[in-house]
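Structure record follows, encoded as structure tokens.
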Amino acid sequence: MTSSRRGRGAVPVTDADGRSDAELWILAAAGDRDAFGALFERHVAAVWNHAYRLTASWAKAEDLTSSTFLLAWRKCPELRLVRDSALPWLFAVAGNLARTEFRSSTRFLRAVRRLPGDGAEADHADAVASRVDDGRRMPRLLDAVRELPKAERQAVELCLLGELSTTDAAALLGVAEPSVRSRLSRARSRLRTLLEETS
């Protein structure tokens, strides 16, 4: 399998047989599991890395990656490729799933906090893990990204966290490339302000 950098200025990737994502996707949509397997092998590392950057958690990245490819298998006939690459669509799905997971876990944590205490002593390991996590920058950054307006958040997730080119992100979002650049510029400015306020 040959590969190229899957970020800025990426060109379509082909396998040892010279098949592009578009060709493999057509076969997968017709039920060819081997073709889908080739797409999975081609993009799984990039999707996992993107999921990790969205969640700052190895376990959640694993879950998101699995869910992304499961959804991709189910949605094969509906997929819209961007410049013959499935990766932008996979990144968008991972981002949507991460936001859904974040909303669900936030609701769960709020519900748990409303429960009356049982007087049990806190686990020391939990306190240590909490301090380690609090000391990391990634969760703070992700919280700040979630505060962005939707259009800016999507641009950040695809271009900065997902390392897609602005051309690919524009095609995926259905907007002009200068619009994506403008959204990124505004997002960077907002993120600087948000991160300064929380430091």
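The values are calculated or read from the model by the stated rules, or taken from the named source; none is laboratory data. Fair warning: this is a prediction, and the values are worked out from it, not measured in the lab. Every residue, glycine among them, receives a Cβ derived from its backbone with ideal geometry; neighbour counts consider all protein chains shown. Ligands, DNA and RNA are excluded from the accessible area calculation, which covers all protein heavy atoms including side chains. Shrake-Rupley method; radii C 1.70, N 1.55, O 1.52, S 1.80 Å.
What number goes with the only condition from (1) modelled with pLDDT under 80; (2) buried (at least 16 other Cβ atoms within 10 Å of the Cβ); (3) acidic (Asp, Glu) that Glu152 does not pass?
(1)
Any residue that is within 14 Å of the chain's Cα centre (by Cα) and either at pLDDT 90 or above or open to solvent by 30 Å² or more (accessible area, probe 1.4 Å) (or both) - is there at least one of those in region 34-44? Talk me through it step by step, then tell me what you get.
First, pick out the residues of region 34-44 that are within 14 Å of the chain's Cα centre (by Cα): 43-44.
Cutting the leftovers down to either at pLDDT 90 or above or open to solvent by 30 Å² or more (accessible area, probe 1.4 Å) (or both) gives us 43-44.
Checked region 34-44: at least one residue is within 14 Å of the chain's Cα centre (by Cα) and either at pLDDT 90 or above or open to solvent by 30 Å² or more (accessible area, probe 1.4 Å) (or both).
Could you list, in sequence order, the residues of region 155-190 that are open to solvent by less than 20 Å² (accessible area, probe 1.4 Å) and among the aliphatic types (A, V, I, L, M)?
Within region 155-190, Ala155, Val156, Leu158, Leu161, Leu164, Ala169, Ala170, Val180, Leu184, Ala187 meet the criteria.
Which one is most open to solvent (accessible area, probe 1.4 Å) among residues in region 56-69 that are assigned to a helix (DSSP H, G or I) and touching a helix residue (DSSP H, G or I) at 6+ places or on another chain (Cβ under 6 Å)?
Selected residue: Ser67.
Does region 25-37 hold any residues that are without any contact (Cβ under 8 Å) to a residue 24 or more places away in the chain and part of a helix (DSSP H, G or I), and which are they?
Those that are without any contact (Cβ under 8 Å) to a residue 24 or more places away in the chain and part of a helix (DSSP H, G or I): Ile26, Leu27, Arg33, Asp34, Ala35, Gly37.
State whether one or more residues within region 45-63 are of a type in the set (Lys, Arg) and without any contact (Cβ under 8 Å) to a residue 24 or more places away in the chain. Before the answer, list the steps.
First pass over region 45-63, keeping only residues of a type in the set (Lys, Arg): 53, 60.
Filter again for without any contact (Cβ under 8 Å) to a residue 24 or more places away in the chain, leaving none.
No, every residue in region 45-63 fails to be of a type in the set (Lys, Arg) and without any contact (Cβ under 8 Å) to a residue 24 or more places away in the chain.
The rows are residues; the columns are (1) under 16 Å from the mean Cα position of the chain (by Cα); (2) of a type in the set (Lys, Arg).
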{"residue": "Glu163", "(1), (2)": "yes, no"}
{"residue": "Asp168", "(1), (2)": "yes, no"}
{"residue": "Val175", "(1), (2)": "no, no"}
{"residue": "Ser179", "(1), (2)": "no, no"}
{"residue": "Arg183", "(1), (2)": "no, yes"}
{"residue": "Leu194", "(1), (2)": "no, no"}
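For region 111-120, state whether one or more residues are modelled with pLDDT of 50 or more and surrounded by fewer than 16 Cβ atoms within 10 Å (Cβ to Cβ).
No, that holds for no residue.
How many residues does region 152-181 contain that are outside any helix (DSSP H, G or I), in contact (Cβ under 8 Å) with a residue 40 or more places away in the chain and among the small types (Gly, Ala, Ser)?
2
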